[in-house]
């Protein structure tokens, strides 16, 4: 028998998902920095700095690790994603207030649509990171020992015949979930099975429908 080394047997998607998550964090940093001043609660460098810590935490972690250090890094990542989500919720509330009361972002349709797109995209990515970090105990747990007790049920879980043996969701799957929840305003092909997933998808759908509905109405008014 050949002795299995630590980390062997992990799906190639584990490292690929981590790289995709890193790219998503960089994108959120860029979106946060480009947001109009009236949609921020802090100077433009504060949130990107906090998100940089998340970037480092994800960079030094590894799906093969099963240690207290890995657990601490996951807690750090969850805390920072919570801050990012709180920031996007604040930006959404400020955007809605600006749409109702008026502000610099509503002076032109182009500025309004750009600001709304920044807030909407930030929400999509932030919730995708949340799903990726929480589903099934996190990326490391899913890579080592996938559980039959699902938080989010993907089509491949419900119908294993359509997937390769040992299939696990990658970050792109969670990003797609975030995108569909923000466009369809309801579950599409991924079903939330536990309370936290249902609450998260519900909040994301409410954010998206509020932003898109008010922005479209305001933009039509500006154009006309």
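The values are calculated or read from the model by the stated rules, or taken from the named source; none is laboratory data. Every value quoted in this text rests on a predicted model; they were computed, and no experiment measured them. Cβ placement follows ideal geometry from the backbone for every residue including glycine, while neighbour counts extend to all protein chains displayed.
Quick notes on this structure:
- Selected residue [farther than 26 Å from residue 87 by Cβ and buried (at least 16 other Cβ atoms within 10 Å of the Cβ)] from 218, 144, 170: 144
- For the stretch 23-40, a residue qualifies if it is surrounded by 19 or more Cβ atoms within 10 Å (Cβ to Cβ) and within 19 Å of the chain's Cα centre (by Cα), and the qualifying residues are 24, 25, 28, 29, 31, 32, 35.
- Condition check for residue 43: under 17 Å from the mean Cα position of the chain (by Cα) and either at pLDDT 75 or above or outside any helix (DSSP H, G or I) (or both): no
- Of the residues in the stretch 127-136, at least one is free of Cβ contacts under 8 Å to residues at least 60 places away in the same chain, in contact with a helix residue (DSSP H, G or I) (Cβ under 7 Å, 6 or more places away or on another chain) and more than 18 Å from residue 92 (Cα to Cα).
- Candidates are the residues of the stretch 147-181 that are touching a strand residue (DSSP E or B) at 6+ places or on another chain (Cβ under 8 Å) and assigned to a loop (DSSP other than H, G, I, E, B); the one that is nearest to residue 192 (Cα to Cα) is 151.
- Inspection of the stretch 50-57 finds a residue satisfying the criterion of being closer than 28 Å to residue 110 by Cα, out of contact with any strand residue (DSSP E or B) (no Cβ under 7 Å at 6 or more places or on another chain) and either modelled with pLDDT under 80 or in a loop (DSSP other than H, G, I, E, B) (or both).
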